[in-house]
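Below is one structure, written out as C-alpha cells; the observations come after it.
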Amino acid sequence: MKNLPACALLIIWLAGCQSPFVQIEGRENSRYFRIPVDSKLVLQQELLVPARSDRLYFQKGKVSQFQHVNRYSPYCALTLHAKKDVAQTIVPDAFTVHKMYRQYLFDLAMGPVMVAQLDPGGGMTYQVFATLLELRSVQQPDVVRMTCANWGVPQDMAHLTLGQMRESLGDIFLLEPPETNDQKA
C-alpha cells in the first residue's frame, strides 16, 4: 500500500508520454473520440469537382456522386468555398483541421436537396448526425470542410467512429494526428 501513490504517479506519467497517434489509433472505434485540432487530413490523389458543384462525396473508399450515396451507411463530403462554372481540381495536399464539431443536419451531409421524412402516423423521423472538420490549406484555400455522417433515427444516433470515417475515405485521405513538441525536435 505504501507504493500505491508512486505507482499512480508512474501510470499518470506514462499515460502522458503516449503520442497523439497512439491515442487516436487506440480510440478508433470509440464514438466519443474527438479529432484533435491541428490534425492533418492528407489528400493522396488528385480530385476533380464537377462544374457547378462545390462538393465531393466519399463512401467505402470511393468518390461518389450525391445521388449514389447510401444514406444508411457512413459517408463523407468534402466542401469547397463556392461553386464555379468550370470543374475544380484539388491536388494532393495536407489540410489542417482548425475546428471540429458535431451537429444534427436535416439533409445528407449538406447535399444539394433537402431530405424530408414525414410520418403522419407519429413514428420516428430521420436525421443526419454529422462530424464536421473545418479545414485550412495555404495552397488550396477553397477547400473548407469535411463532413462525415450517416442517417438514422435519433435513438440510434451516435457519432461516427474514426474507423468509420477512415472506411468512408479509404486511401483517398489519411488522417494524421497533430505533432507534439517531441516530434518537432
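Quick notes on this one:
- Total residues in region 121-160, condition modelled with pLDDT of 80 or more, closer than 21 Å to Arg31 by Cβ and not in a strand (DSSP E or B): 1
- Only one of the numbered conditions (1) surrounded by fewer than 18 Cβ atoms within 10 Å (Cβ to Cβ); (2) at pLDDT 95 or above is violated by Arg34, and that is (2).
- Residue count for region 70-93, restricted to those that are part of a loop (DSSP other than H, G, I, E, B) and surrounded by fewer than 20 Cβ atoms within 10 Å (Cβ to Cβ): 14.
- When residues of region 161-185 are limited to those that are out of contact with any Pro (no Cβ under 6 Å at 6 or more places or on another chain) and buried (at least 21 other Cβ atoms within 10 Å of the Cβ), the one modelled with the lowest pLDDT: Leu162
- Selection count, region 58-69, where residues are at pLDDT below 95 and surrounded by 13 or more Cβ atoms within 10 Å (Cβ to Cβ): 3
- Among the residues of region 35-72, the ones that are over 23 Å from Pro177 (Cα atoms) and among the β-branched types (Val, Ile, Thr) come to 3 in all.
- Some residue of region 83-101 being under 12 Å from the mean Cα position of the chain (by Cα), modelled with pLDDT of 70 or more, under 27 Å from Trp151 (Cβ atoms) and charged (D, E, K, R): yes
The values are calculated or read from the model by the stated rules, or taken from the named source; none is laboratory data. Source: prediction; values computed, not measured. When we count neighbours, we look across all protein chains shown, and the Cβ atoms used for this are built from the backbone with ideal geometry, even at glycine.
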